[in-house]
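Asker: Here it is: the structure, laid out below.
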Amino acid sequence: MSRILIGLLLTGIAAVSWADSIDSYVEAEMVRQHIPGLSLAIVRQGALERVRGYGWANLEHKVPVNAETVFQSGSVGKQFTATVVMLLVEDGKLSLDESIRRYWPQAPRAWSAITPRHLLNHTSGLYGDPGLDARRDYSDEQMLQLIYKVKQEFPAGDRWEYSNTGYVLLGLLIRKVSGEFYGDILARRVFAPLNMHTARVISDRDIVMNRAAGYEVKPNGATSNQDWVAPTGNSTADGSLYLTALDYVKWHEGLRAGKILAAQSWAEVYRPARLNSGATHPYGFGWFLESVAGQDVRYHSGGWQGFSTFFIRYLGDDLAIIVLANSDLADPNPIARGVAGLLDPKLAPASVPSP
């Protein structure tokens, strides 16, 4: 037998080995975390190495998860909102460093120092919960009047504190300066160019093919359907999107190629937040920033209405891992990082064994 053939056989055996390890690991985590259904995608050096569903997209009808199962994004959707904001900056309709009172003169005077940049990188000081009743619909003006009452917990730029309020405001700001709903701009200028054909804003009323059900799961595994949320609560810009694992793969391909935005805009997106003190915080516009095994890593998690999501990109290894789950109790972060460790031991968290 030739050395080439032996090499190919060994490579195939190795691929099967890590694939089996990943399946075993994911399935064990699903049992441990009481996750009904999960979708996993792995992209390495531009090649889709795996996209697979595990468990059930719908428990009542026994519909299995597959690559085309639609999950809610949760806060991973913030990176899409940030992209729309940067498109409007490029269009000259918005400035990152002007007071948001330029756009809303009636906003509290204390907000004078808050800029769109502060909203994007969570340094505005605005309390994280915008105070909306999830079971009630609001007009944009009604939402603004409620948000104007949100406490500013520290002066803009003094420190970093995660704020959904900031991203709800960004969605309202996008409509203010463009005249369009942020989801419509996303559909036309981001999703369509990247062929993300199933990505869209959440809608309970529309027929959405392959939509997973979201579940609230108690620690003992007892499961119930997600709570109902009014249309307004499922269309705000802090993370109200439907995407499949394949949509995230196409998003990753677009990010990898630097599409949609100009290079200088992407540089802004990935710039750590700079505080008034001159220190920085490892968060850009819709992305957490860190270093793992000597390489830059960008990631975000999301959780909303019975769904949990995690998307991580290891830039040095040119590796992306997407984990989508239909349980509010799920923590896909360690699952994604554990899979990374199975692919490359240097990426493994301490608690995840190498294959």
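Asker: Report, largest value first, the span of the C-alpha coordinates of the chain along each principal axis, in whole Å.
Answerer: Rounded to whole Å, the extents work out to 77, 45, 36 Å.
Asker: For labels at Ala263 and Glu27 in the simple 7 Å Cα→Cβ model, what's the distance in nm?
Answerer: 4.7 nm
Asker: Counting other C-beta atoms within 10 Å, and keeping those with at most 16, which DSSP coil GluC sites (Glu not before Pro) do you find in the range 154-244? Could the numbers behind the result be given before it?
Answerer: Numbers: sites: Glu161, Glu180, Glu216; in loops: Glu161, Glu180.
Listed in order of number, the matching sites are Glu161, Glu180.
Asker: Can you tell me the order of 328-340, 218-230, 136-148 when each peptide is scored by its average per-residue count of other Cβ atoms within 10 angstrom, highest first?
Answerer: Details: 328-340: 22.1, 218-230: 12.0, 136-148: 14.1.
My ranking of the peptides, most packed first, is 328-340, 136-148, 218-230.
Asker: Now for a different question. For Glu68 and Thr223 in the same chain, what is the full-extension length gain: residue separation times 0.36 nm, less their Cα-Cα distance, in nm? Present the calculation step by step, with values, prior to reporting the outcome.
Answerer: Values: separation 155, 0.36 × 155 = 55.80 nm, distance 2.35 nm.
Full extension from Glu68 to Thr223 adds 53.5 nm.
Asker: Show that you can apply the helix-only estimate: for the chain, add -39,500 (n - 2.57) for every DSSP H stretch of four or more residues, divide by all residues, and state [θ] at 222 nm to the nearest 500. Present the calculation step by step, with values, prior to reporting the outcome.
Answerer: Details: 9 runs with 109 residues, N = 355.
Result for the chain: -9500 deg cm²/dmol, rounded to the nearest 500.
Asker: Same structure, new question: Around Glu49, which amide H atoms from residues at least 5 apart in sequence, or from another chain, sit under 5 Å from its own amide H, with H modelled in the peptide plane?
Answerer: HN-HN under 5 Å from Glu49: Ile42, Val43, Arg44.
Asker: A further question on this structure: Which order do the peptides 162-172, 268-278 come out in when sorted by mean C-beta neighbours inside 10 angstrom, highest first?
Answerer: Values: 162-172: 24.0, 268-278: 14.8.
Top of the packing list down: 162-172, 268-278.
Asker: Out of every Cα-Cα pair in the range 88-159, what percent are more than 18 Å apart?
Answerer: On the way: 1079 of 2556 pairs.
Tail fraction, whole percent: 42.
Asker: What distance in nm lies between label points placed 7 Å from Cα along the C-beta direction at Glu90 and Asp137?
Answerer: 3.4 nm
Asker: Next question. For helix 332-343, what angle does its Cα long axis make with the longest principal axis of the chain, in degrees from 0 to 90 and rounded to 10?
Answerer: Once rounded, the angle reads 40 degrees.
Asker: I would also like to ask the following. If I take R0 = 30 Å and measure r between the Cβ atoms of Leu315 and His197 in this structure, what FRET efficiency does the formula 1/(1 + (r/R0)^6) give, to the nearest 0.05?
Answerer: Values: r = 27 Å, r/R0 = 0.89.
The value I calculate is 0.65.
Asker: Still on this structure, I have one more. What span do the alpha-carbon atoms of the range 174-232 cover on each of the three principal axes, reported in whole Å from largest to smallest?
Answerer: Cα extents, longest axis first: 46, 27, 21 Å.
Asker: Additional query: Once phi is turned into θ = phi - 60°, what whole-Hz ³J(HN,Hα) does the Karplus curve with 6.51, -1.76 and 1.60 give for every residue of the range 306-318, x standing for Gly and Pro?
Answerer: Along the range 306-318, the couplings run x, 10, 9, 9, 8, 10, 10, 10, 9, 5, x, 8, 6 Hz.
Asker: Loop only per DSSP, at most 13 neighbouring Cβ atoms within 10 Å: give me the trypsin sites (Lys or Arg not before Pro) in the range 160-254, ordered by residue number.
Answerer: Working: sites: Arg175, Lys176, Arg188, Arg189, Arg200, Arg205, Arg211, Lys250; in loops: Arg205.
Passing sites in the range 160-254 are Arg205.
Asker: Would you please give the residues with an amide H less than 5 Å from that of Tyr283, counting only those at least 5 places away or on a separate chain, with H modeled from the backbone geometry?
Answerer: Answer set, sorted by chain and number: Ala273, Leu289.
Asker: Evaluate the Kirkwood expression for the hydrodynamic radius of the range 246-308, namely the inverse of the mean inverse distance over all pairs of different C-alpha atoms, and round to one decimal in Å. If you can, show how the numbers build up before the last one.
Answerer: On the way: mean 1/r = 0.0737 Å⁻¹.
By the Kirkwood definition, the hydrodynamic radius is 13.6 Å.
Asker: Here's something else I'd like to know. Can you give the relative contact order of the chain as a percent, counting alpha carbon pairs under 8 Å and 6+ residues apart? Kindly include the intermediate steps, with their values, before the conclusion.
Answerer: Values: 706 pairs, mean separation 85.3, N = 355.
Worked out over the chain, it gives 24 percent.
Asker: Which links in Lys149/Lys176; Lys218/Lys346; Lys62/Lys218; Lys93/Lys151 stretch past 25 Å when you go from one Cα to the other?
Answerer: Details: Lys149/Lys176 20 Å; Lys218/Lys346 34 Å; Lys62/Lys218 20 Å; Lys93/Lys151 28 Å.
The answer is Lys218/Lys346; Lys93/Lys151.
Asker: Here's another thing I want to ask about it. Please list, in order, the residues from the range 176-217 whose amide nitrogen is less than 12 Å from a point placed 7 Å along the Cα→Cβ vector of His61.
Answerer: Within reach of a label on His61: 207-213.
Asker: Can you tell me the length gained on complete extension of the stretch Glu153 to Phe181, counting 0.36 nm per residue apart and subtracting the Cα distance?
Answerer: On the way: separation 28, 0.36 × 28 = 10.08 nm, distance 2.89 nm.
Residue separation times 0.36 nm, minus the Cα-Cα distance, leaves 7.2 nm.
Read the figures in this text as sums done on the coordinates, not as results from a lab. Because the structure is a prediction, the values reported are computed rather than measured. Don't worry about glycine lacking a Cβ; one is built from the backbone with ideal geometry, like all the others, and counts go over all protein chains shown.
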